[in-house]
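Below is one structure; the comments refer to it alone.
The values are calculated or read from the model by the stated rules, or taken from the named source; none is laboratory data. Note that the coordinates shown come from a computational prediction; the quantities given were computed from them, not determined experimentally. All Cβ positions, glycine included, derive from the backbone under ideal geometry; neighbour counts span all protein chains shown.
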Amino acid sequence: MGFECAARTHVGHRRKLNEDSLFSSAERRLWAVADGMGGHHAGDVASRMIVDELARVSEGVSLDNSMGKAMAAIEMVNQDLVDLARKEHEHRTIGSTVVGLIADHAEYRCFWVGDSRAYRVRDGVIRRLTRDHSLVQDLIDAGMLDPAEAETHPNANVVTRAVGATEALRIDSTGGAVMPGDTFLLASDGLTRLVGDDELARELSGNGLEAAADVLLELTLERGAPDNVSFILIRAA
């Protein structure tokens with residue numbers, strides 16, 4: 001089983017700097033989206049450090065071994081960012097979210113920190129693979145907020161976990177089987193706040209990946225794109 005992919009990144013309509021970074025390699029079967037924390041110093045530096053380190057990860061002897069190497073790389077960047085903030089930036093946070101996917105011919109592994117998301121579309125049905133590390137997700141889980149109100153909540157942009165935020169980093173992960181035709185989406189919240197799950201499922205089910213990527217980016221820009229928007233589409237063929 002092989003993989004095809006398409007990637008897009010755009011600064012959006014309101015930001016001056018694109019703080020998102022991408023890594024996409026069908027040959028390596030490794031993909032990642034990192035979203036530098038807006039409002040914090042050097043978010044673009046943080047996201048770039050993450051994808052650069054992931055790009056240096058060598059392929060493991062097994063899927064789980066590759067996963068371990070990727071997570072170790074993120075942990076190393078986390079410590080580097082904490083040290084950088086302490087030494088050069090008056091202890092201000094230099095942070096980024098990250099969501100990544102590693103796959104082989106039969107299985108995938110997904111890892112994430114923050115509110116960048118991963119989805120899988122299979123037979124027209126979309127499933128979110130990640131749980132946001134965010135204040136609004138915590139409120140939803142506690143029964144204190146209706147999910148329908150999450151995107152308009154005044155603290156919708158507050159993440160509770162990020163690479164570079166603390167020395168003790170927790171990386172969540174999940175995995176499962178890969179079936180021919182499965183389409184995965186890795187995305188920063190610049191996309192997922194403006195394009196709903198039903199729309200994502202429709203575009204990822206009915207188009208080639210390049211066409212679907214163009215439509216998703218156009219939708220985001222038409223709806224104002226107040227943030228950077230970045231995403232990768234991956235399809236098992």
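Worth a mention:
- Some residue of the range 219-226 being among the β-branched types (V, I, T), buried (at least 23 other Cβ atoms within 10 Å of the Cβ) and either free of Cβ contacts under 8 Å to residues at least 40 places away in the same chain or farther than 24 Å from A103 by Cβ (or both): yes
- Matching residues, the range 69-101, being in contact with a Phe, Trp or Tyr (Cβ under 7 Å, 6 or more places away or on another chain) and in a strand (DSSP E or B): V98, V99, G100, L101
- The single condition from (1) more than 25 Å from L139 (Cα to Cα); (2) more than 15 Å from the chain's Cα centre (by Cα) that A165 fails is (1).
- Residue pairs meeting the criteria (Cβ under 7 Å; at least 6 apart or on separate chains; first farther than 11 Å from A187 by Cα, in the range 22-34; second of a type in the set (D, E) and outside any strand (DSSP E or B)): R28/E59; R29/D104
- The numbered conditions (1) within 25 Å of M49 (Cβ to Cβ); (2) modelled with pLDDT of 95 or more are all true for L200 except (1).
- Total residues in the range 30-68, condition in contact with a helix residue (DSSP H, G or I) (Cβ under 6 Å, 6 or more places away or on another chain) and either hydroxyl-bearing (S, T, Y) or outside any loop (DSSP other than H, G, I, E, B) (or both): 8
- Any hit, the range 81-92, residues being at pLDDT 95 or above and either within 16 Å of S230 (Cα to Cα) or not aliphatic (A, V, I, L, M) (or both): no
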